1. Order the following by accessible area, largest value first: 7, 29. Probe radius 1.4 Å; ligands, DNA and RNA are ignored.
2. What's the angle, to the nearest 10 degrees (0 to 90), between helix 7-16's Cα axis and the longest principal axis of the chain?
3. If I compute Rg and Dmax of the Cα atoms in Å from the structure I just sent, which labelled value in (i) 12.5, 40; (ii) 11.8, 36; (iii) 14.1, 43 lines up?
4. Residue 3 to residue 51: extension gain in nm, 0.36 nm per residue of separation minus the Cα-Cα distance?
5. Using label points projected 7 Å from each Cα along Cα→Cβ, tell me how many nm separate residue 75 and residue 16, to one decimal.
6. Pick out, in residue order, every one of the GluC sites (Glu not before Pro) in region 28-81 that is DSSP loop and has at most 10 other C-beta atoms within 10 Å; say none if there are none.
7. Taking the 0 to 90 degree range and rounding to the nearest ten, how far is the long axis of helix 19-41 tilted relative to the main principal axis of the chain, both from C-alpha atoms?
8. Can you pull out the chymotrypsin sites (Phe, Trp or Tyr not before Pro) in region 31-65 whose DSSP state is coil and whose Cβ has at most 13 other Cβ atoms within 10 Å?
Amino acid sequence: MLDITGVQRFGLDYHDDVPELWSLHEAMVAKQREWWEIVAESPARIIWLCENMTAQLIGPQRFERFYLPSYRVIRELIGDR
């Protein structure tokens, strides 16, 4: 999401609890699930999850809110390949 909104805009919108930010987040999560469903059905033996985050920027609370649910979906769909 930071790639779309930029760090400063994300920080301001997050702080102000802007509904469009959460709407964008929900749409991105739904699209990512579609991608991971396709990956889960592929014969690939190696899957690379590329992230653009740093602990200093995200922090534990935002990690739990934005990243952890997606990681759980990936784990659910792909398992222990």
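The values are calculated or read from the model by the stated rules, or taken from the named source; none is laboratory data. What you are looking at is a predicted structure, and each value in this text was computed from that prediction instead of being measured. We place every Cβ from the backbone using ideal geometry, glycine too, and count neighbours over all the protein chains shown. The protein model used for the area step is the full one, side chains on, heavy atoms only, and it has no ligands, DNA or RNA in it. Shrake-Rupley method; radii C 1.70, N 1.55, O 1.52, S 1.80 Å.
1. Values: 7 80, 29 55 Å².
Ranked from most to least accessible, the order is 7, 29.
2. 70 degrees
3. It is the one labelled (iii).
4. Working: separation 48, 0.36 × 48 = 17.28 nm, distance 1.08 nm.
Going from the current span to full extension adds 16.2 nm.
5. Rounded to a tenth, the inter-label distance reads 3.6 nm.
6. On the way: sites: 34, 37, 41, 51, 64, 76; in loops: 51.
Here the sparse-neighbourhood loop sites are 51.
7. Once rounded, the angle reads 10 degrees.
8. Numbers: sites: 35, 36, 48, 63; in loops: 48.
Hits after loop and neighbour filter: 48.
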